[in-house]
Amino acid sequence: MAGHSLGGVMAQKFSNGKNSGIKAQILMGSVLTRDNRSIQSDGTSKYNYNVPTLTIGGTKDGLMRISRVAESFWHSYNNITPAQKDLFPVIALEGVSHAQFMSGVPPSAVKNRDLKPDVTET
């Protein structure tokens, strides 16, 4: 399963459902929502989520700010409970904007709020 932006939120709600059959997912310009993790008594982050998820963000994303991607990175790498290591990788693509994860004409909200990318499609 893959989802971009708000589609990433919808994808994770669907994917984590009982008997969804989804084995893994990719979120682009989106992150696993905060309600999918908790802090354990030992201080580590535990995802209450059963689908391995790759999160891809862009450093020039004007809608899903890089600070939210960095927060996800911290919970997924630096603070994750050992049993979930490598289940929720997060990467940031340097110079990539929100609209670069989509095709077609960007909706007005994206067009008005996104940052100018440093990277072209070529």
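Every number in this text was worked out from the coordinates using simple rules, so none of it is lab data. Source: prediction; values computed, not measured. Heads up, the Cβs are rebuilt from the backbone with ideal geometry, glycines too, and the neighbour counts pull from every protein chain shown.
In sequence order, the range 57-67 has phi-based couplings of x, x, 6, 10, 7, x, 10, 9, 4, 4, 5 Hz under the Karplus curve 6.51 cos²θ - 1.76 cosθ + 1.60, θ = phi - 60°, and Gly or Pro positions carry x.
Shown for 51, 105: other C-beta atoms within 10 Å of each C-beta, ranked fewest to most, produce the order 105, 51. The gain in end-to-end length when the residue 116 to residue 39 segment is fully stretched comes to 24.2 nm, 0.36 nm per residue minus the alpha carbon separation. Our helix-only sum for the chain, with -39,500 (n - 2.57) per DSSP H run of n ≥ 4 divided by its residues, gives a mean residue ellipticity at 222 nm of -5500 deg cm²/dmol.
Exposure proxy for 116, 13: other Cβ atoms within 10 Å of each Cβ, ordered fewest to most, give 116, 13. With a cap of 10 neighbouring Cβ atoms within 10 Å, and only residues DSSP puts in a loop, list the trypsin sites (Lys or Arg not before Pro) found in the range 22-58. The qualifying sites are 23. Taking amide hydrogens as placed 1.01 Å from N in the peptide plane, the amide H of residue 55 sits under 5 Å from those of 27, 90, 91, each at least 5 positions away in sequence or on another chain. Phi-derived couplings, Karplus 6.51 cos²θ - 1.76 cosθ + 1.60 at θ = phi - 60°, listed residue by residue for the range 73-78: 4, 4, 5, 8, 10, 7 Hz, with x used for Gly and Pro.
Note on residue 85: lysines with a C-alpha under 19 Å away, same-chain residues under 8 apart excluded, are 23, 46.
Only lysines eight or more places from residue 116 in sequence, or on another chain, were considered; those with a Cα closer than 24 Å are 60. To test your reading of the geometry: what angle, between 0 and 90 degrees and rounded to tens, separates the Cα axis of helix 6-15 from the longest principal axis of the chain? Computed tilt is about 30 degrees. Starting from 0.36 nm per residue, how many nanometres of slack lie between residue 84 and residue 9 once their C-alpha separation is accounted for? Computed gain between residue 84 and residue 9 is 24.9 nm. With the contact rule set at Cα under 8 Å and sequence spacing of 6 or more, what percent relative contact order holds for the range 2-113? Computed over the range 2-113, the figure is 25 percent. When each of 20, 76, 41 is scored by the number of other beta-carbon atoms lying within 10 Å, the sequence from fewest to most is 41, 20, 76.
Taking the Cβ-Cβ separation of residue 24 and residue 70 as r and a Förster radius of 22 Å, what is the calculated FRET efficiency to the nearest 0.05? Here the calculated transfer efficiency is 0.45.
Do any GluC sites (Glu not before Pro) in the range 48-122 lie in a DSSP loop with no more than 12 other beta carbon atoms within 10 Å, and if so, which?
94, 121
A straight line joining the Cα centroids of the range 72-91 and the range 97-117 runs 28 Å.
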